[in-house]
1. Which trypsin sites (Lys or Arg not before Pro) from segment 1-88 combine a DSSP loop assignment with at most 16 other Cβ atoms within 10 Å?
2. Give, in nm to one decimal, the length gained when the segment between A97 and H49 is fully stretched (0.36 nm per residue of separation minus the Cα-Cα distance).
3. Would you order F71, F121 from fewest to most other beta-carbon atoms within 10 Å of each residue's own beta-carbon?
4. Just rank M1, M27, fewest to most, by other beta-carbon atoms within 10 angstrom.
5. About its Cα centre, how strong a charge dipole does the chain have in debye, to the nearest 20, once Lys and Arg get +1 and Asp and Glu get -1 at the Cβ?
6. For segment 121-134, in order, what is each residue's ³J(HN,Hα) by Karplus, 6.51 cos²θ - 1.76 cosθ + 1.60 with θ = phi - 60°, in whole Hz (x at glycine and Pro)?
7. Helix-derived [θ] at 222 nm for the chain: sum -39500 (n - 2.57) over DSSP H runs of at least 4, divide by residue count, nearest 500?
8. Of G72, V130, I2, whose Cα points farthest to the positive end of the dipole of the chain (charges on the beta-carbon: +1 Lys, Arg; -1 Asp, Glu; origin at the Cα centre)?
Amino acid sequence: MIVVDTTVLVYAVGSEHAYRDPSRSLMEAIGSGAIRATTSVEVIQEFAHVRACRRGRADARRLATAYADLFGPLATTTERHLRTGLDWWDRHKAIGAFDAVLAAVAQDLGATALISSDRAFARLTEVTHVLPDESGIAALLA
């Protein structure tokens with residue numbers, strides 16, 4: 001089981017970028033059942049917000065709903081995750097609070113990796129961070 005961050009969702013449906021094709025390959029592998037993955041309600045909510053700012057609400061809603069279907073059942077964020085994440089956020093100044101809480105969810109799920117373009121995740125020893133670049137996604141698909 002892997003946990004996917006907002007950045008990967010954005011790249012998978014975005015314009016030309018080095019992470020776009022690997023992110024799309026990951027989504028295809030998840031859709032085919034080759035890789036087990038989830039994300040949180042909060043990640044999909046953040047994706048919808050980011051996408052709506054660029055492409056409008058109708059497009060954002062359509063894609064966010066498709067992602068909810070792809071990743072369902074979605075991971076539940078609890079008070080325990082919040083408290084753990086806030087502890088990590090306080091200790092690791094490079095990571096944001098949102099990302100620290102997502103990392104706590106990933107750890108609790110026993111995720112083998114947390115996929116994100118945000119390199120701040122790499123500062124956490126509690127989860128394995130994988131970039132959504134060609135080599136990172138290829139390693140997951142191997």
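What follows draws every value from the coordinates through simple rules; no lab data is involved. Because the structure is predicted, anything quoted here is derived from the model rather than measured. Glycine gets a Cβ as well: all are built from the backbone with ideal geometry, and neighbour counts include every protein chain shown.
1. Filter output for segment 1-88: R36.
2. 15.5 nm
3. F71, F121
4. In order of increasing Cβ crowding within 10 Å: M1, M27.
5. Computed about the Cα centre, the dipole is about 320 debye.
6. Per-residue couplings from phi come out as 4, 5, 6, 8, 7, 7, 9, 9, 8, 10, 6, x, 9, 4 Hz.
7. Estimated from H runs of four or more residues: -18500 deg cm²/dmol.
8. With unit charges placed on the Cβ atoms, the residue in question is G72.
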